[in-house]
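Presented below is the structure to which this report refers.
No lab work stands behind these numbers, since they all come straight from the coordinates. Here the structure is a predicted model, which means the values were calculated and not measured. Neighbour counts are summed over all protein chains in view; Cβ atoms, including those assigned to glycine, are modelled from backbone coordinates with ideal geometry.
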Amino acid sequence: MMGIIELKDVCKSFNGLLVHKGINLFIKQGEILSLIGSSGSGKTVLLKEIIGLLRPERGKIFVMGRDVTTLKEKELLEIRRNVGMVFQSSALFDSLTVLENVAYPLKEHLRLSGAEIRERVRERLAMVGLYGIENKMPGELSGGMKKRVALARAIATDPKIILYDEPNTGVDPINARKINEMIVNLRERLGVTSVVVTHDMHSVRAVTDRIAMLYDGKIIAEGSWKDFEESQDPFIREFMRGGAVFAEGG
């Protein structure tokens, strides 16, 4: 059985330094997987490899059955239509309104009329609990609202997969809880598969079906929250006690 995402012996280096040393990971359709690991372990790099923004030197990455490491840019666009990404910084365009930000992937990937785009944007904003803010600029929004606009943009094209890069960084506990609830609700409502890179262990516990830990360029452990909580591995035990400190960053 092939997963909706599957990485096989993925290796990636920067300036001769190996970041990934043979990553193997299998993600099932509809699963919420949290990817945890120490600062600089290459978690964000892995998300960018899945979406084809970075290419590994070795290995294969299958997304919905296609090896993205071999695809040309035009073919990658079709994959990206089905993969939404929520960046750590939200990555909203400051010069565009909220409507224009959320509409951006719709204009890039789908052929819709202006009226259809506006209706889709309103629907997606409603799904993340934001109403009537279409004409606001990103500079007028709180950090939590920016994250939710970024999530509305990520789900605009009805993706099958959503990749989250530190979705709760820089938001208060109330907004963090809302984002956690939305991650779960999107799976229930849209059936999406989610990969969540996070250092927030409260979020991991709240949303995750399965955890994968990245260390020294490889996935060293996989399992449920209970599996990790009961692990006797010294590194995992230390990480679970102080994950927010040890795992902060990419």
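Overview of values
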{"item": "Percentage relative contact order, the chain, counting C-alpha pairs under 8 Å, at least six apart", "result": "27"}
{"item": "Nearest 10 degrees, 0 to 90: helix 98-109 Cα axis against the chain principal axis", "result": "70"}
{"item": "Relative contact order %, the range 102-250, counting alpha carbon pairs below 8 Å whose residues are six or more apart", "result": "17"}
{"item": "Restraint check, K8/K178; K74/K107; K43/K107; K74/K146; K72/K146; K147/K218, Cα-Cα greater than 27 Å", "result": "K8/K178; K43/K107; K74/K146; K72/K146; K147/K218"}
{"item": "Inter-label distance, nm, simple model (7 Å from Cα along the C-beta direction), Y131/R111", "result": "3.6"}
{"item": "Value of relative contact order over the range 92-158, rounded to a whole percent, pairs C-alpha under 8 Å and six or more apart", "result": "50"}
{"item": "Neighbour-count ranking [beta-carbon atoms within 10 angstrom, fewest first] of K160, K218", "result": "K218, K160"}
{"item": "Simple Cβ-charge dipole of the range 92-158, Lys/Arg +1 and Asp/Glu -1, about Cα centre, in debye nearest 20", "result": "120"}
{"item": "Residue order, fewest to most beta carbons within 10 Å, for M240, M127", "result": "M127, M240"}
{"item": "Gaussian network model of the chain, springs between alpha carbon atoms under 10 Å - residue of G129, G114, G143 with greatest fluctuation", "result": "G114"}
{"item": "Gap separating the Cα centres of the range 216-241 and the range 5-57, nearest whole Å", "result": "18"}
